[in-house]
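Coordinate-derived values only; no laboratory data. Being a predicted model, the structure only gives us computed values, none of them experimental. Every residue, glycine among them, receives a Cβ derived from its backbone with ideal geometry; neighbour counts consider all protein chains shown.
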There are 2 protein chains.
Amino acid sequence: MSKQELVVLDESDDAEACCPGLLTAPLAEGQAVELAKVFKALGDPVRLRLLSMIASRSGGEVCVCDLTPAFELSQPTISHHLKLLRQAGLIDCERRGTWVHYWLVPEMTDRLAGLLTRPAGEPLPERTAPVGAAS
Amino acid sequence: MSKQELVVLDESDDAEACCPGLLTAPLAEGQAVELAKVFKALGDPVRLRLLSMIASRSGGEVCVCDLTPAFELSQPTISHHLKLLRQAGLIDCERRGTWVHYWLVPEMTDRLAGLLTRPAGEPLPERTAPVGAAS
DNA sequence: ATCTTGTATTGACAGACGTCAATCCAACTG
DNA sequence: CAGTTGGATTGACGTCTGTCAATACAAGAT
């Protein structure tokens, strides 16, 4: 059940794929395609709340039976959203007896946070006084 | 042309909306809806590359005429994607004479990075040796 | 083995999304 | 003024996505 696609996360891809950062160099098409899958998984309110509930759980794990009743959605719908989050590599799960437990994959959120963080000390090019002051 | 919706970014919303962080507390539904709009804007390879090209520009600005030829897509399609990024509050633009210039709104990417960053020192609950070792 | 409960999968359907051709608008040019 | 060019908007079309009812599967209970 665990680990089925694991979209991104592998650094050993395009040779220079260490941490260009999205904001510092023009993202390559292949990387953009992979990254978009992860962001798309985050692009739904229900999935964001699911991820948040899973990540903020003290024990680090949540049972599906604790997630489903928090939404006014059918159980299959919740299961569907959890599947998408898992395919994006954001969470993982394991069946333990009767119940299935989910937990966050922090490496993925760390990676996203890193991609969205601009290198400290960037000039921040003075956007406030338009050069031409046109129109 | 600039500033038309500006989805998120306003901290003065739910009183305690300082920086709960998405990974530390169960996101409220309203906030999830707003946040999802931004992540959805990032959930497309073309938009990710556009944002990357805009953000990594040395001068801090890019003319649309420099963006369009980088894709094998029609000009209206690129314009459409730029509009979505702008509505998400990730970029902004201004017409200067004949050309329209786009630039990154770093406050938004900073905010996203912050939301995805887990507070340093979190236990990282030992995921590797499943308690029950079931299945 | 049968029943019951927790979770995943399937199939269907309405609405959203990405794309383009056609068109429109703004600004510069002659 | 008309003509040209950069860019946005409109309308249409096929695909993807979120949702549910129905069903299937897994594991404990009887």
- Item | Label distances, nm, B:Gly30 versus same residue in remaining copies, Cβ-directed 7 Å point | 4.5
- Please work out the FRET efficiency for the pair B:Ala70 and A:Ala70, using the Cβ-Cβ distance as r and a Förster radius of 41 Å; give the result to the nearest 0.05. 0.45
- Query: Shortest first and in nm to one decimal, what separations exist between A:Glu107 and its copies in the other chains, measuring from label points 7 Å along the Cα-to-beta-carbon line?
  - Reply: 3.6
- For A:Gly59, place a label point 7 Å out from Cα along the Cα→Cβ vector, do the same in each other copy, and report the separations in nm, one decimal, smallest first. 5.8
- Message: Principal axis extents for the range A:29-116, Cα atoms only, whole Å, descending order, please.
- Response: 41, 25, 19
- Item | Backbone HN-Hα couplings from phi across the range A:95-102 [Karplus 6.51/-1.76/1.60, Hz, Gly and Pro as x] | 8, 10, x, 7, 9, 10, 10, 10
- Item | ³J(HN,Hα) computed for each position of the range A:52-68 - Karplus, 6.51 cos²θ - 1.76 cosθ + 1.60, integer Hz, glycine/proline x | 5, 5, 5, 5, 8, 5, 4, x, x, 9, 9, 8, 3, 5, 8, 7, 3
- Any residue on another chain or 5+ positions along whose placed amide H is under 5 Å from the amide H of B:Ile91 is listed here as B:Arg86, B:Val105
- Message: Between A:Thr24 and B:Glu29, how high is the FRET efficiency from 1/(1 + (r/R0)^6) when r is the Cβ-Cβ distance and R₀ = 35 Å? Nearest 0.05.
- Response: 0.50
- Item | Cut-off under 5 Å, modelled amide H: who pairs with A:Arg96 long-range | A:His101
